[in-house]
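Let me begin by presenting the structure, written as structure tokens, before commenting on it.
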């Protein structure tokens, strides 16, 4: 593993939480989360906080979330 | 034949979608057209998502939504729920295609034997600090990290973690490892927690890691 990968490993360790939702678990909550974000009012439930944290850890889910928001803002 | 966003997902519209009859076909087409617009906007700028790909995904997403229609509970707008399904389907297919012809072994050919340990820092890292003490500290942490990756992780965890950090997407990586994305995420999550614990055992705190990652203050 080269230096860049080791650096990214350290970055991933920094972002690691004891409890994290998997991508599939986030997917089940994503529609509710997206609507709340679009309305500017995300509730403070543990579930929504975990979705938010997951997006800080998982670039793939973050990419999907941003695309969903883009799509809906275009359609609204 | 188009329906406004407000109409899509209304109780009457959903009832017609679930019913059997000529109006159902009209509602299905309205859904498909909505998904086309949503996908084009959501995937704008993605070179791999051409018109033909988006058409295919809109069609597949329509079918998937119809299969799952009874699971829509109204906790979100229908258009949000449907768009989420379509966008996720699109990314899954894009990522599968991106990695389809890439062998995991070849992708990880650089290995973890430490032969290339810290041969050179990135320009950004070098620019962050020209303090020799900081550089020595950073090298020390990296050496420990490389060692605990070999002692504290399973082979499978090392492979999965490295592949993800090198950029391989989860769905194709899970398929290449003969597992599913859910299990893969838990495998890598456990690996990250093990590494964090191992670094702490070696006397390297999260503050030390932060200093390495973000530079000396």
If I go through region A:30-58 residue by residue, how many of them are under 10 Å from the mean Cα position of the chain (by Cα) and either in contact (Cβ under 8 Å) with a residue 60 or more places away in the chain or more than 13 Å from every other protein chain (Cβ to nearest Cβ) (or both)? 4
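Only one residue in A:30, A:6, A:14 is touching a helix residue (DSSP H, G or I) at 6+ places or on another chain (Cβ under 7 Å) and surrounded by fewer than 17 Cβ atoms within 10 Å (Cβ to Cβ). Which one? Show your work before the answer.
Working: A:30 fails: surrounded by fewer than 17 Cβ atoms within 10 Å (Cβ to Cβ); A:6 fails: surrounded by fewer than 17 Cβ atoms within 10 Å (Cβ to Cβ).
Residue meeting the stated conditions: A:14.
Among the residues of region A:64-76, count how many are more than 7 Å from every other protein chain (Cβ to nearest Cβ) and within 23 Å of residue A:8 (Cβ to Cβ). Reasoning before the result, please.
Taking region A:64-76 first, the residues more than 7 Å from every other protein chain (Cβ to nearest Cβ) are A:65-66, A:69, A:73.
Subset that is within 23 Å of residue A:8 (Cβ to Cβ): A:65-66.
Number satisfying all stated conditions: 2.
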If you take the residues of region B:131-174 that are in contact (Cβ under 8 Å) with a residue 40 or more places away in the chain, assigned to a helix (DSSP H, G or I) and away from chain A (no Cβ under 12 Å), which of them is surrounded by the most Cβ atoms within 10 Å (Cβ to Cβ)? B:137
Scan of region B:11-46 for residues that are loosely packed, with under 15 Cβ neighbours inside 10 Å, assigned to a loop (DSSP other than H, G, I, E, B) and either in contact (Cβ under 8 Å) with a residue 12 or more places away in the chain or under 23 Å from the mean Cα position of the chain (by Cα) (or both), ordered by number: B:44, B:45
Just need a number here: residues in region B:65-83 that are more than 7 Å from chain A (Cβ to nearest Cβ) and within 18 Å of residue A:64 (Cα to Cα). 3
Give just the number: which of (1) assigned to a loop (DSSP other than H, G, I, E, B); (2) modelled with pLDDT of 95 or more; (3) within 11 Å of chain A (Cβ to nearest Cβ) does residue B:185 not satisfy? (1)
With the structure loaded, tell me whether residue B:80 is modelled with pLDDT of 80 or more, within 26 Å of the chain's Cα centre (by Cα) and farther than 24 Å from residue B:163 by Cβ or whether it fails that test. yes
So residue A:25 ticks every box in (1) under 22 Å from residue B:209 (Cβ atoms); (2) outside any loop (DSSP other than H, G, I, E, B) but one. Which box is left unticked? (1)
Out of (1) part of a loop (DSSP other than H, G, I, E, B); (2) surrounded by 22 or more Cβ atoms within 10 Å (Cβ to Cβ), the one residue B:49 does not meet is (2)
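The values are calculated or read from the model by the stated rules, or taken from the named source; none is laboratory data. Just so it is clear, the structure is predicted and the values come from calculations on it, not from any experiment. Note: ideal-geometry Cβ built from the backbone for every residue, glycine included; neighbour counts use all protein chains shown.
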